Amino acid sequence: MNRNRMLIGAVVAIAVGLLASRYVYKRVQMAGTAKPMQTTQMVVAAEKLGLGARLQPHQLRLISWPQDDPLPGSFARVEDCANRALLTPVIENEPILENKLASKEAGAGLSAVIPEGMRALSVRVDDVVGVAGFVIPGTMVDVLVTGDAGGGGSGGDSVTRTFLEDVRVLAAGQKNRAG
């Protein structure tokens, strides 16, 4: 009787195994016959590029992108992005989007980053005031001015006032050294 139970158990196990393997085989066949995804071309950065950089064709490349999931503001041709300045830094393989580029007439460098009707101002800071390197391009800051409240002697109290609020940093930590 024990022998019959073992034989029935073995037959059931073989039958379940065959059914499971047939199911898996059919699923693998269906996965192999899936329709290929339609793709289109999109321009990305071929290397890390900084704020204000004028894009050159060798700094850009094309990748395949799913046609059913377009990225708004993306470019399909390198020529459409070439000779335009970046308004924000980009990393390698990051898509180049219209809102990251200055107009063709804007030129390059920081002048391309400054919005029309606005002006830029350089402010000398030390490591403490510059928050030891944590203020980077794109950071929004307040500009404070500290001065003598008494208006006269060296023993007067100093006062700090907010000069500008919510100002975008365009560059940080760059020095020009002559000679």
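Each residue in 119, 27 was given a count of other beta-carbon atoms within 10 angstrom of its own, and listing them fewest first yields 119, 27. Applying a DSSP loop filter and a limit of 15 other Cβ atoms within 10 Å to the GluC sites (Glu not before Pro) in the range 9-100 leaves 47, 92. Here the range 39-113 has an Rg and Dmax of 11.6, 37 Å, counting Cα atoms alone. Taking a point 7 Å from the Cα of residue 39 along the Cα-to-Cβ direction, the residues of the range 70-87 with backbone N closer than 20 Å to it are 70-79. The residues packed around residue 37, meaning those with a beta-carbon under 13 Å from its beta-carbon, carry a net charge of -1 if Lys and Arg are +1 and Asp and Glu are -1. Computed extension length for residue 48-residue 145: 31.4 nm, one decimal, from 0.36 nm per residue of separation with the Cα-Cα distance subtracted. Label positions at residue 158 and residue 136, each projected 7 Å from the Cα along the C-beta direction, are separated by 3.0 nm.
Values in this text are rule-based calculations from the coordinates and carry no lab data. Every value quoted in this text rests on a predicted model; they were computed, and no experiment measured them. Positions of Cβ are generated from backbone atoms using ideal geometry, with glycine treated the same way; all protein chains shown enter the neighbour counts.
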